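**Q** Quick one: the structure is below, and I'll ask about it shortly.
The values are calculated or read from the model by the stated rules, or taken from the named source; none is laboratory data. Since the model is a prediction, treat every value here as computed from it, not as a measurement. Note that we place each Cβ from the backbone using ideal geometry, even for glycine, and neighbour counts take in every protein chain shown.
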Amino acid sequence: MSATDTVPMAPEGQIASAITDEEVIRLINVNKWYGEFHVLKDVNLSVRRGERIVICGPSGSGKSTLIRCINRLEQHQEGEIIVNGTTLDSNVKNIEAIRSDVGMVFQSFNLFPHLTVLENCTLAPMWVRKRPLDEAADVAMKYLERVRIPEQAHKYPGQLSGGQQQRVAIARSLCMNPNIMLFDEPTSALDPEMISEVLDVMVELAASGMTMLVVTHEMAFARKVADRVIFMDQGEIVEENAPDEFFANPRVDRSRLFLSQILAH
Amino acid sequence: MATDNTQPGQDAAIVFEPKQSRSAPVASVGVIGWLRENLFYSWFSTIVTVVVAWGMFEGAAYLYDWGVTKAVFEAESRRQCLNTSPDGACWAGIIDWMNGFMYGRYPDEEQWRINLGGVLLIAWVLPFWLPNLKGKIGIGMSAVMVYPFLAAYLFLGGERGVFLNLMVFLAITLLVLNWVHVVLFYLTGRTLTENLVRMTGFEHRPETTHKYPMLALVAVVWGCVYAWLGDWQLELVRTNLWGGLFLTIVIAGVAIVSALPGGVALALARRSTMPVIRVFAITFIELFRSVPLITVLFMAVTMMPLFLPEDFQLNKLVQVMIGVCLFAAAYMAEVVRGGLQAIPNGQYEAAKAMGLSYWKMMNLVILPQALKLMIPNIVGNFMGLLKDTTLVSIIGLYDMLNMLKAVGQNPIWIGLHKEPLVFGAAIYFVLCFAMSKYSQRLERTIGQGNTGR
C-alpha cells in the first residue's frame with residue numbers, strides 16, 4: 001500500500017462527515033454511447049449534500065465520462081440526470097446555470113495561459129456572476145490563500161509547477177462558490193512530489209463539508225475522506241461500498257482483483 | 001557538501017575549488033569567429049563567398065550607377081532624359097507624375113481632403129500606442145465603425161442624406177471625445193465615463209444607468225458640431241476620378257478591416273454544430289477560395305448588376321470592394337480556423353465547466369489565444385491583399401499599378417516603363433515591410449509574460 005500512500009497522514013482515520021438528507025445529484029438509468037461503444041450502462045447514483053464520493057476503476061471503465069455527464073461536458077443518450085433539482089436536457093440556460101454551481105478540476109489543469117493566476121480566478125465570477133472586479137479579486141485572493149499560493153497571483157500559469165497549477169485550478173473553481181465539486185483524476189498528471197500538496201488542499205476542502213465526486217487512483221485519499229467508494233468497470237457501477245468495507249472486504253470479485261492489482265506493489 | 005567535515009568519525013573531505021573560467025579562443029568568437037564559421041570554413045566555401053560577394057558588388061554598383069550617378073532628376077520629357085544620359089534612370093518622369101501615383105485623377109484643388117482623411121485616421125488610432133490607457137476598445141470600435149463614414153464623405157463629397165449627416169457629425173463628435181478622454185485620463189486617472197458619472201452624481205445609482213451621462217454628452221456635442229458645421233458641404237468627386245496609391249489603400253483598407261471579423265464569423269460558422277450554418281460557411285469559403293480574385297472581380301462588376309433591380313445602379317468601386325471583401329473573408333476564415341484548431345480542447349471544456357456561454361467562452365478564452373497564434377498568418381494575408389488589389393487595374397480602376405503603366409503611354413514620357421515599376425515596387429516593399437515588422441513587434445508585446453506556450 002505504500003506506493004499509493006501519498007496523503008501526508010494527519011491523525012489516522014476518517015474526516016467527520018457532513019452528509020445531509022438533501023439530494024443534489026441523481027442519475028437514473030443513464031446510458032451513453034461513443035458511436036457504437038457503450039460507455040455507460042444503466043448507471044444509477046444518488047448523491048446527497050456534503051457527501052464525498054470516490055470513483056475508481058480501470059481505465060476505460062467510464063468513470064471520467066460519468067462525472068463529465070454531470071455538468072454535461074458529455075451528453076448522455078438515455079436516462080435522466082438531475083443536478084440541484086434541475087433535469088439536464090438541451091436547455092442551454094439550465095446547463096450554464098448548473099455548470100456555474102458545479103466546479104470541475106481536470107487532469108490537465110486547463111488554466112487559461114493568456115491570463116494571470118488572479119485573472120483566471122476572477123474571469124467567471126465577473127462574467128457569469130457579474131461581480132465587480134474588486135469584489136471578485138478579493139474572493140479570488142481568499143481562495144488563493146486557502147490553497148496557499150497568494151504570492152503567485154500575478155504570475156502566468158506557465159510560470160508555475162504542475163502542483164501549483166492544479167491548486168490554482170481548484171481555487172478558480174471555488175471562486176464561483178459551487179455547491180458540488182467534480183475532480184477528474186486531479187493528480188494523475190503530476191510528478192510524485194507534487195501530488196501531496198494537491199491532495200492536502202482536497203482533504204481540507206472535504207473537511208469543510210463540500211460535496212465532492214472524485215475520480216482518482218489515490219486509495220489513501222479515498223480511505224481518508226470518502227463517505228462512499230464507487231468501483232466501475234466496463235461502464236457499470238460494480239460495487240458501491242463504505243471505504244473501510246471496500247478496502248478490507250470487497251464484495252465483488254472484480255473489485256477484489258482491481259484492488260489486489262493496484263495495491264500489490 | 002565536500003567541505004563539510006562536521007560529522008564525527010570522518011576525515012576531512014577533499015576541498016573542491018572550481019577552476020577559473022578562461023576566455024574562449026579568439027578564432028572562435030566575435031567577428032573573426034563568425035567569419036570563419038560562416039564564410040571561410042573550407043576552400044569551397046571561400047570560393048563561393050568570393051564569387052557571391054563579387055556578384056553582389058557588381059549588381060549593387062550597376063544599380064547605383066543606373067539609379068543615382070547616371071540618373072536624370074530634372075527634365076521636361078523622356079527625350080531630354082535620353083539626351084542627357086542614355087544609360088541612366090529617368091526619375092524626372094516619376095517626379096512629374098508623383099501626384100498621379102498618389103491620388104490618380106483626383107482634382108488637384110481637392111486633394112487636401114485625402115490628406116485630411118489620412119491625418120484624421122492617424123489622430124484616431126494614435127491613442128492605441130499610448131501606454132496604460134483605458135478604454136482602447138471603445139476607441140478601436142469607433143475607428144472601425146464610425147470613421148469610415150467620415151472618410152467616405154471627405155473623399156466623395158456631395159449631398160449628405162439624413163444618415164450620412166448623422167454619421168459624419170457623430171464621427172467628429174467621437175474623435176473630439178476620444179481625445180477629451182485621453183487628456184482627462186492622464187490628468188485624473190479615470191476614464192471619461194467615470195468622470196462624467198462622478199460629476200453628474202450618478203455614482204450612487206445602479207451601474208446600468210452609468211452610460212446615460214455619456215450618451216447625453218455625445219448628444220450635446222453632436223448638436224454643437226451640427227450647429228457649427230451643419231451647412232458645410234464638399235464638392236462631389238466621383239469615384240472614377242479616384243486613383244493611385246490612395247485608391248489602393250482605400251480598397252485594401254476596407255478589405256483588411258472587414259476581413260478579420262468576416263473571417264472569424266465564417267470560421268466559427270464552419271465549426272458550428274448546426275448543419276445549415278456549417279454547410280453555408282463551407283460552401284462560401286470553398287467557392288471563394290477556389291476561384292481566382294480576378295474572376296471574383298469580373299463577377300462583381302458584370303454579374304452582380306444582373307441580380308439587382310434595374311434602376312438600382314451600384315458604383316463600380318463599391319462592387320469591387322464587395323468582391324474583394326468576400327474574397328478576403330473566405331481566406332481569413334481558414335486562417336482563423338487553423339488558429340482555433342490549435343487551441344487544446346481542455347480550454348473549451350474549462351471555460352464551459354465554469355458556466356461561460358458560447359460567446360463569452362470564445363471572446364474571453366479562445367479567440368485571445370487563437371488570434372495571437374494567428375498573427376503571422378493574418379499579416380501575411382493582409383500583405384497578400386494589399387498586393388492583390390493591383391488586379392483592379394484590369395477592370396479599369398486607376399489604382400497605383402495602372403497609373404504607373406500610364407506614364408509610358410503619355411506622349412511626353414512615352415516608353416518610360418522601367419522606372420515607374422521600380423518606383424511602384426519600392427512603395428509596395430515599404431508598405432509590406434512595415435506591416436511585417438509591426439506584426440513581429442505585436443507578437444512580442446502580446447506574448448509578454450505568456451511563457452507557458
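**Q** I'd like to verify a number: residues in the range A:183-225 that are touching a strand residue (DSSP E or B) at 6+ places or on another chain (Cβ under 8 Å) and among the hydrophobic types (A, V, I, L, M, F, W, C), how many?
**A** Residues of the range A:183-225 touching a strand residue (DSSP E or B) at 6+ places or on another chain (Cβ under 8 Å): A:183-186, A:202, A:205-206, A:210-217, A:219, A:221-222, A:225.
Now drop any that are not among the hydrophobic types (A, V, I, L, M, F, W, C), which leaves A:183, A:202, A:205-206, A:210, A:212-215, A:219, A:221-222, A:225.
Of the residues in the range A:183-225, 13 are touching a strand residue (DSSP E or B) at 6+ places or on another chain (Cβ under 8 Å) and among the hydrophobic types (A, V, I, L, M, F, W, C).
**Q** Can you say whether B:V318 is in a loop (DSSP other than H, G, I, E, B), under 29 Å from the mean Cα position of the chain (by Cα) and loosely packed, with under 15 Cβ neighbours inside 10 Å, as far as the supplied structure shows?
**A** Details: in a loop (DSSP other than H, G, I, E, B): no; under 29 Å from the mean Cα position of the chain (by Cα): yes; loosely packed, with under 15 Cβ neighbours inside 10 Å: yes.
Judged against the criteria, B:V318 is not a match.
**Q** Look through A:V83, A:V105 and report the one residue that is away from every other protein chain (no Cβ under 11 Å) and crowded, with 20+ Cβ neighbours inside 10 Å. Can you show your working first?
**A** On the way: A:V105 fails: away from every other protein chain (no Cβ under 11 Å).
Being away from every other protein chain (no Cβ under 11 Å) and crowded, with 20+ Cβ neighbours inside 10 Å holds for just one of A:V83, A:V105, which is A:V83.
**Q** Would you tally the residues in the range A:36-47 being part of a strand (DSSP E or B) and either surrounded by fewer than 18 Cβ atoms within 10 Å (Cβ to Cβ) or at positive phi (or both)? Quick ask: steps written out before the conclusion?
**A** Taking the range A:36-47 first, the residues part of a strand (DSSP E or B) are A:37-47.
Restricting the remaining residues to those that are either surrounded by fewer than 18 Cβ atoms within 10 Å (Cβ to Cβ) or at positive phi (or both) gives A:37-38, A:41-42, A:44, A:46.
Of the residues in that region, 6 qualify.
**Q** Here's something else I'd like to know. Sort out which residues of the range A:1-52 are over 16 Å from A:A206 (Cβ atoms), modelled with pLDDT under 90 and among the polar types (S, T, N, Q), and write them in order of number.
**A** Selection gives A:S2, A:T4.
**Q** Restricting to the range B:366-380, name every residue that is away from chain A (no Cβ under 12 Å) and either touching a Leu at 6+ places or on another chain (Cβ under 9 Å) or buried (at least 20 other Cβ atoms within 10 Å of the Cβ) (or both).
**A** Here is the first cut: in the range B:366-380, the ones away from chain A (no Cβ under 12 Å) are B:374-380.
Hits for the range B:366-380 are B:M374, B:I375, B:I378, B:V379.
**Q** Go through A:I67, A:I55, A:I98 for me and flag whichever is part of a helix (DSSP H, G or I), within 16 Å of the chain's Cα centre (by Cα) and either farther than 18 Å from B:M354 by Cβ or more than 9 Å from chain B (Cβ to nearest Cβ) (or both).
**A** Numbers: A:I55 fails: part of a helix (DSSP H, G or I); A:I98 fails: either farther than 18 Å from B:M354 by Cβ or more than 9 Å from chain B (Cβ to nearest Cβ) (or both).
On inspection, the qualifying residue turns out to be A:I67.
**Q** When you go through (1) over 15 Å from A:I25 (Cβ atoms); (2) under 13 Å from the mean Cα position of the chain (by Cα) one by one for A:K93, which number turns out not to apply?
**A** Checking A:K93 against (1) over 15 Å from A:I25 (Cβ atoms); (2) under 13 Å from the mean Cα position of the chain (by Cα), the one that fails is (2).
**Q** Moving on. What's the number of the only condition in (1) farther than 21 Å from B:N240 by Cα; (2) assigned to a helix (DSSP H, G or I) that B:I343 fails to meet?
**A** (2)
**Q** Of everything in the range A:203-234, what is hydrophobic (A, V, I, L, M, F, W, C), farther than 22 Å from A:V83 by Cα and buried (at least 22 other Cβ atoms within 10 Å of the Cβ)? Give them in sequence order. Full working, then the answer.
**A** Filtering the range A:203-234 for residues hydrophobic (A, V, I, L, M, F, W, C) gives A:203, A:205-207, A:210, A:212-215, A:219-222, A:225-226, A:229-232.
In the following step, the residues that additionally are farther than 22 Å from A:V83 by Cα were identified as A:203, A:207, A:219-222, A:225.
Of everything in the range A:203-234, those that are hydrophobic (A, V, I, L, M, F, W, C), farther than 22 Å from A:V83 by Cα and buried (at least 22 other Cβ atoms within 10 Å of the Cβ) turn out to be A:M219, A:F221, A:A222, A:V225.
**Q** Confirm whether B:M145 is hydrophobic (A, V, I, L, M, F, W, C), touching a Phe, Trp or Tyr at 6+ places or on another chain (Cβ under 8 Å) and at pLDDT below 90. Before you say what the answer is, go through the steps one by one.
**A** On the way: hydrophobic (A, V, I, L, M, F, W, C): yes; touching a Phe, Trp or Tyr at 6+ places or on another chain (Cβ under 8 Å): no; at pLDDT below 90: yes.
Judged against the criteria, B:M145 is not a match.
**Q** I'm trying to understand the selection: among the residues of the range B:332-365, which are surrounded by 22 or more Cβ atoms within 10 Å (Cβ to Cβ) and either of a type in the set (S, T, Y) or facing chain A (nearest Cβ under 10 Å) (or both)?
**A** Those that are surrounded by 22 or more Cβ atoms within 10 Å (Cβ to Cβ) and either of a type in the set (S, T, Y) or facing chain A (nearest Cβ under 10 Å) (or both): B:A350, B:A351, B:A353, B:M354, B:G355, B:L356, B:V365.
**Q** Does B:Q313 satisfy the criteria of being closer than 30 Å to A:S100 by Cβ and either without any contact (Cβ under 8 Å) to a residue 12 or more places away in the chain or in a helix (DSSP H, G or I) (or both)? Full working, then the answer.
**A** Values: closer than 30 Å to A:S100 by Cβ: no; either without any contact (Cβ under 8 Å) to a residue 12 or more places away in the chain or in a helix (DSSP H, G or I) (or both): yes.
For B:Q313, the condition - closer than 30 Å to A:S100 by Cβ and either without any contact (Cβ under 8 Å) to a residue 12 or more places away in the chain or in a helix (DSSP H, G or I) (or both) - is not met.
**Q** Looking at the range A:108-144, which of its residues are among the small types (G, A, S) and at the interface with another protein chain (Cβ under 9 Å from one of its Cβ atoms)?
**A** Result: A:S108, A:A124.
**Q** Among residues belonging to the range B:35-55 that are surrounded by fewer than 12 Cβ atoms within 10 Å (Cβ to Cβ) and of a type in the set (S, T, N, Q), point out the one that is modelled with the lowest pLDDT.
**A** B:N38
**Q** Follow-up question, since we're still on this one. Identify all residues within the range A:138-168 that are part of a loop (DSSP other than H, G, I, E, B) and more than 17 Å from A:D200 (Cα to Cα); write none if there are none.
**A** Once the filter is applied, which keeps residues that are part of a loop (DSSP other than H, G, I, E, B) and more than 17 Å from A:D200 (Cα to Cα), the range A:138-168 yields A:A153, A:H154, A:K155, A:Y156, A:L160.
**Q** Can you pull out the residues in the range A:70-95 that are closer than 23 Å to B:T273 by Cα and either part of a helix (DSSP H, G or I) or hydroxyl-bearing (S, T, Y) (or both)?
**A** Passing the criteria: A:I70, A:T87, A:S90, A:V92, A:K93, A:N94, A:I95.
**Q** To continue, here is another question. With out of contact with any Gly (no Cβ under 7 Å at 6 or more places or on another chain), closer than 23 Å to A:T65 by Cβ, within 14 Å of chain B (Cβ to nearest Cβ) and small (G, A, S) as the only criterion, which of A:A169, A:A189 stands out? Please lay out each step first, then the result.
**A** Details: A:A189 fails: out of contact with any Gly (no Cβ under 7 Å at 6 or more places or on another chain).
It is A:A169.
**Q** Something else now. Before we move on, is A:G158 farther than 21 Å from A:I70 by Cα, surrounded by fewer than 19 Cβ atoms within 10 Å (Cβ to Cβ), within 14 Å of chain B (Cβ to nearest Cβ) and touching a Pro at 6+ places or on another chain (Cβ under 9 Å)? Break it down stepwise before answering.
**A** Details: farther than 21 Å from A:I70 by Cα: yes; surrounded by fewer than 19 Cβ atoms within 10 Å (Cβ to Cβ): yes; within 14 Å of chain B (Cβ to nearest Cβ): yes; touching a Pro at 6+ places or on another chain (Cβ under 9 Å): yes.
The answer is yes for A:G158.
**Q** Turning to a different aspect of this structure: Looking at (1) more than 14 Å from chain B (Cβ to nearest Cβ); (2) closer than 22 Å to B:K352 by Cα, which one does A:T20 not meet, given that it meets all the others?
**A** Checking A:T20 against (1) more than 14 Å from chain B (Cβ to nearest Cβ); (2) closer than 22 Å to B:K352 by Cα, the one that fails is (2).
**Q** If you take the residues in the range B:247-288 that are surrounded by 14 or more Cβ atoms within 10 Å (Cβ to Cβ), free of Cβ contacts under 8 Å to residues at least 12 places away in the same chain and not hydrophobic (A, V, I, L, M, F, W, C), which one is nearest to B:S393 (Cα to Cα)?
**A** That would be B:G253.
**Q** Hey, another quick one. Only one of B:G138, B:G244 is in contact with a strand residue (DSSP E or B) (Cβ under 6 Å, 6 or more places away or on another chain) and crowded, with 17+ Cβ neighbours inside 10 Å. Can you tell me which?
**A** Numbers: B:G138 fails: in contact with a strand residue (DSSP E or B) (Cβ under 6 Å, 6 or more places away or on another chain).
Selected residue: B:G244, the only one of B:G138, B:G244 that is in contact with a strand residue (DSSP E or B) (Cβ under 6 Å, 6 or more places away or on another chain) and crowded, with 17+ Cβ neighbours inside 10 Å.
**Q** List the helices (runs of 4 or more DSSP H) inside the range A:171-265, counting only whole elements, that have at least 2 residues being of a type in the set (G, A, S). Spell out the reasoning first.
**A** On the way: elements: A:192-207, A:219-225, A:243-248, A:253-263.
Counting at least 2 such residues, we get A:192-207, A:219-225, A:253-263.
**Q** Scan the range B:128-151 for residues that are of a type outside the set (V, I, T), closer than 18 Å to B:Y226 by Cα and out of contact with any Gly (no Cβ under 7 Å at 6 or more places or on another chain) and jot them down. Walk me through how you get there before you give the answer.
**A** Here is the first cut: in the range B:128-151, the ones of a type outside the set (V, I, T) are B:128-136, B:138, B:140-143, B:145, B:147-151.
With the extra rule that they be closer than 18 Å to B:Y226 by Cα, the set shrinks to B:147, B:149-151.
Residues satisfying the conditions are B:Y147, B:F149, B:L150.
**Q** Give just the number: which of (1) without any contact (Cβ under 8 Å) to a residue 12 or more places away in the chain; (2) under 26 Å from the mean Cα position of the chain (by Cα); (3) in a helix (DSSP H, G or I) does B:E109 not satisfy?
**A** Here B:E109 clears every test but (2).
**Q** So, one more: What's the number of the only condition in (1) touching a Phe, Trp or Tyr at 6+ places or on another chain (Cβ under 8 Å); (2) at pLDDT 80 or above that B:I249 fails to meet?
**A** Result: B:I249 fails condition (1) only.
**Q** Among all residue pairs at least 6 apart or on different chains, which show Cβ distances below 7 Å where the first residue, located in the range B:125-139, is part of a loop (DSSP other than H, G, I, E, B) and the second is not aliphatic (A, V, I, L, M)?
**A** B:L133/B:P127; B:L133/B:F185; B:K134/B:F185; B:K134/B:T191; B:G135/B:H181; B:G135/B:T191
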